1. Would you call Asp187 modelled with pLDDT under 95 and touching a helix residue (DSSP H, G or I) at 6+ places or on another chain (Cβ under 7 Å)?
2. So Ala169 passes all but one of these: (1) without any contact (Cβ under 8 Å) to a residue 12 or more places away in the chain; (2) hydrophobic (A, V, I, L, M, F, W, C); (3) in contact with a helix residue (DSSP H, G or I) (Cβ under 9 Å, 6 or more places away or on another chain). Which condition number does it fail?
3. Among the candidates Arg204, Arg140, Arg199, Arg148, single out the residue that is touching an Asp or Glu at 6+ places or on another chain (Cβ under 9 Å) and over 23 Å from Leu58 (Cα atoms).
4. Gln210 fails exactly one of the following numbered conditions: (1) over 19 Å from the mean Cα position of the chain (by Cα); (2) in contact (Cβ under 8 Å) with a residue 40 or more places away in the chain; (3) surrounded by fewer than 17 Cβ atoms within 10 Å (Cβ to Cβ). What is the number of that condition?
5. Of everything in the range 38-50, what is part of a helix (DSSP H, G or I) and more than 13 Å from Val22 (Cβ to Cβ)? Give them in sequence order.
6. Mind listing whichever residues of the range 27-36 are over 20 Å from the mean Cα position of the chain (by Cα) and of a type outside the set (A, V, I, L, M, F, W, C)?
7. Across the range 27-57, what is the total count of residues that are in contact with a Lys or Arg (Cβ under 7 Å, 6 or more places away or on another chain) and open to solvent by 70 Å² or more (accessible area, probe 1.4 Å)?
8. Restricting attention to the range 1-26, and to residues there that are within 21 Å of the chain's Cα centre (by Cα) and open to solvent by less than 70 Å² (accessible area, probe 1.4 Å), which single residue is modelled with the highest pLDDT?
Amino acid sequence: MSLQEQARALGDHTRHRIFRYVADAARPVDVPELTKHFGLNHNAIRQHLAKLVTAGLLTQTTRPSGGPGRPRLVFRVDPGADGRWGTAGPYQRLSLLLISVLTSDSTPEEVGRLAGRQLEVAVADPGRSQMDALGEAIARGGFDPSRRQRGDRVEFVLATCPFAEAAGADADTICGLHLGLARGLADQLDGVTVDNLIRRDPHRAGCLLQFHVDHPLAPQERT
């Protein structure tokens, strides 16, 4: 979506406040939470959220309800809007990681792994698979992953590199950070290990993140 379309969507004061609330939450936010916080009815909140999703400012996914009833809708900032409208963008996050590399004795992979352990991998919801949560965490980094699996091997194809220019200048550092971030995410999961990051031309993307699991994947975890 264009900046003009996003600006129009955020021109409404309440809608802008909803967007900022979701951005500041740094986790998926559902409709009941927003209705309680803003004191509006569900329909009003849903209408505002629909406009923010259409404008490419928020993404909408579903989570199991944890009980009877349909899955609940949850919202977070669209990776494509990251870095705009007061949110921290990928290069802002990258700069902080690079400062850590420069000011410590740690390697890029070690710095990335520590940062990855601090990122959210939302697997607490009943029925939510580890691979779904891992893919969502990778997507939040702006990599647009797609998943494929064979046996105990899981591979994410990264359709976008949000740091293409930086990776073109110093692939060892940038890709080392990416591999560390993936390892940090996997550290939060049960029996999931990163095998490798196979590099591709960052401007064409298509890098491969390869994992294996210590136990067979349940049917709902397969794609």
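The values are calculated or read from the model by the stated rules, or taken from the named source; none is laboratory data. These numbers were taken from a predicted model, which means no experiment stands behind them. When we count neighbours, we look across all protein chains shown, and the Cβ atoms used for this are built from the backbone with ideal geometry, even at glycine. When the accessible area is computed, the model is the full protein with side chains, heavy atoms only, and any ligands, DNA or RNA have been set aside. Shrake-Rupley method; radii C 1.70, N 1.55, O 1.52, S 1.80 Å.
1. Numbers: modelled with pLDDT under 95: yes; touching a helix residue (DSSP H, G or I) at 6+ places or on another chain (Cβ under 7 Å): yes.
Taking the combined requirement at face value, the residue satisfies it.
2. (3)
3. Residue meeting the stated conditions: Arg148.
4. Against the list (1) over 19 Å from the mean Cα position of the chain (by Cα); (2) in contact (Cβ under 8 Å) with a residue 40 or more places away in the chain; (3) surrounded by fewer than 17 Cβ atoms within 10 Å (Cβ to Cβ), Gln210 comes up short only on (1).
5. Step one: filter the range 38-50 for residues part of a helix (DSSP H, G or I), giving 38, 42-50.
Of everything in the range 38-50, those that are part of a helix (DSSP H, G or I) and more than 13 Å from Val22 (Cβ to Cβ) turn out to be His42, Asn43, Ala44, Arg46, Gln47, Ala50.
6. Matches in the range 27-36: Pro32, Glu33, Thr35, Lys36.
7. 1
8. Just the residues of the range 1-26 that are within 21 Å of the chain's Cα centre (by Cα), to begin with: 1, 6, 18-26.
Restricting the remaining residues to those that are open to solvent by less than 70 Å² (accessible area, probe 1.4 Å) gives 6, 18-23, 25.
Numbers: Gln6: 87, Ile18: 94, Phe19: 91, Arg20: 88, Tyr21: 89, Val22: 88, Ala23: 83, Ala25: 78.
In this case the residue turns out to be Ile18.
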